[in-house]
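The values are calculated or read from the model by the stated rules, or taken from the named source; none is laboratory data. Small disclaimer: the values here were computed from a predicted structure and weren't measured. Using ideal geometry, Cβ is built from the backbone for each residue, glycine included, and neighbour counts are taken over all protein chains shown.
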Amino acid sequence: MSLLDDRHEEWSKVVTLVEAINHSDAAAFESAFVEVANAWLLEPAMKACARLQSVSPDIRTSFLKFWLTHGDTMRSQVASDLILIGGLRTLLPPYQGEPVQLFRGETAGNRQRRTYGMSWSAQRSVAESYASVRADRNDGGMVVLGTFAPTEAIISAPGLIVPGINEGEYIVDRRKLGEILVLARVKHSAEFTAPDT
């Protein structure tokens, strides 16, 4: 099989996914999504999905299940958070609520680069726990961030949609967040200090 044949076969998986979305066929979407993910084609799939004009609630609900169980894997397969955010805006159930105070446990390095992750929580204790558990694994430690997220920054709120999610999770587009404050620094597990600035 030639490289061209390989590319055609890969692209056909993405096309199958998009066709399932366009036909609002949740079962076909789930099958196609697994094929795309297993073939490491999430980046072109997210690019293609970001261009879609409309997606049915059934497809959005199906995708939400994938996101809740495999969100970290998806992020690792897509080289750019911004590409992933485009796909998430299309595929996740949209947030339609008010602005909300959100928190996130984040690496100190990502804070310096302003490359915050997408999953934030309405509960400060969740962000603190996340930061505490991971502090020893990251050079420079972790920080606990806080922001007042405007509605347009919030892509979806799985914590408001799915019963039993107790982390108060919100998916955000960091480019649309306003001021983000460092509420605490965590150098070692469970060792919180006040922020410098």
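Scanning segment 84-120 for residues that are under 22 Å from residue 41 (Cα atoms) and part of a helix (DSSP H, G or I) yields a count of 8.
Any chance segment 26-49 includes a residue that's under 14 Å from the mean Cα position of the chain (by Cα) and either acidic (Asp, Glu) or surrounded by fewer than 17 Cβ atoms within 10 Å (Cβ to Cβ) (or both)? Yes, segment 26-49 contains at least one residue that is under 14 Å from the mean Cα position of the chain (by Cα) and either acidic (Asp, Glu) or surrounded by fewer than 17 Cβ atoms within 10 Å (Cβ to Cβ) (or both). Whether a residue is of a type in the set (A, V, I, L, M, F, W, C), closer than 30 Å to residue 28 by Cβ and exposed (fewer than 14 other Cβ atoms within 10 Å of the Cβ) was assessed, and residue 88 does not pass this test.
Is one or more of the residues making up segment 66-76 surrounded by fewer than 21 Cβ atoms within 10 Å (Cβ to Cβ) and modelled with pLDDT of 95 or more? No, segment 66-76 contains no residue that is surrounded by fewer than 21 Cβ atoms within 10 Å (Cβ to Cβ) and modelled with pLDDT of 95 or more.
Of the residues making up segment 137-156, at least one is more than 30 Å from residue 21 (Cα to Cα), free of Cβ contacts under 8 Å to residues at least 40 places away in the same chain and in a helix (DSSP H, G or I). Scanning segment 92-122 for residues that are farther than 18 Å from residue 174 by Cβ and out of contact with any strand residue (DSSP E or B) (no Cβ under 7 Å at 6 or more places or on another chain) turns up 96, 97, 98.
Each row is one residue, and each column tells you yes or no for (1) hydrophobic (A, V, I, L, M, F, W, C); (2) at negative phi.
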residue	(1), (2)
128	no, yes
132	no, yes
142	yes, yes
145	yes, yes
149	yes, yes
155	yes, yes
164	no, no
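Scanning segment 47-61 for residues that are touching a residue at least 40 places away in the same chain (Cβ under 8 Å) and among the basic types (Lys, Arg) turns up at least one hit. With respect to the conditions (1) farther than 15 Å from residue 36 by Cβ; (2) modelled with pLDDT of 95 or more; (3) within 10 Å of the chain's Cα centre (by Cα), residue 84 falls short on a single one, namely (1). The residues in segment 128-151 that are of a type outside the set (S, T, N, Q) and touching an Asp or Glu at 6+ places or on another chain (Cβ under 8 Å) can be counted, and the count is 7.
Taking the criterion of being among the basic types (Lys, Arg), crowded, with 16+ Cβ neighbours inside 10 Å and either modelled with pLDDT of 95 or more or in contact with a Lys or Arg (Cβ under 8 Å, 6 or more places away or on another chain) (or both), would at least one residue in segment 53-64 satisfy it?
Yes, some residue in segment 53-64 is among the basic types (Lys, Arg), crowded, with 16+ Cβ neighbours inside 10 Å and either modelled with pLDDT of 95 or more or in contact with a Lys or Arg (Cβ under 8 Å, 6 or more places away or on another chain) (or both).
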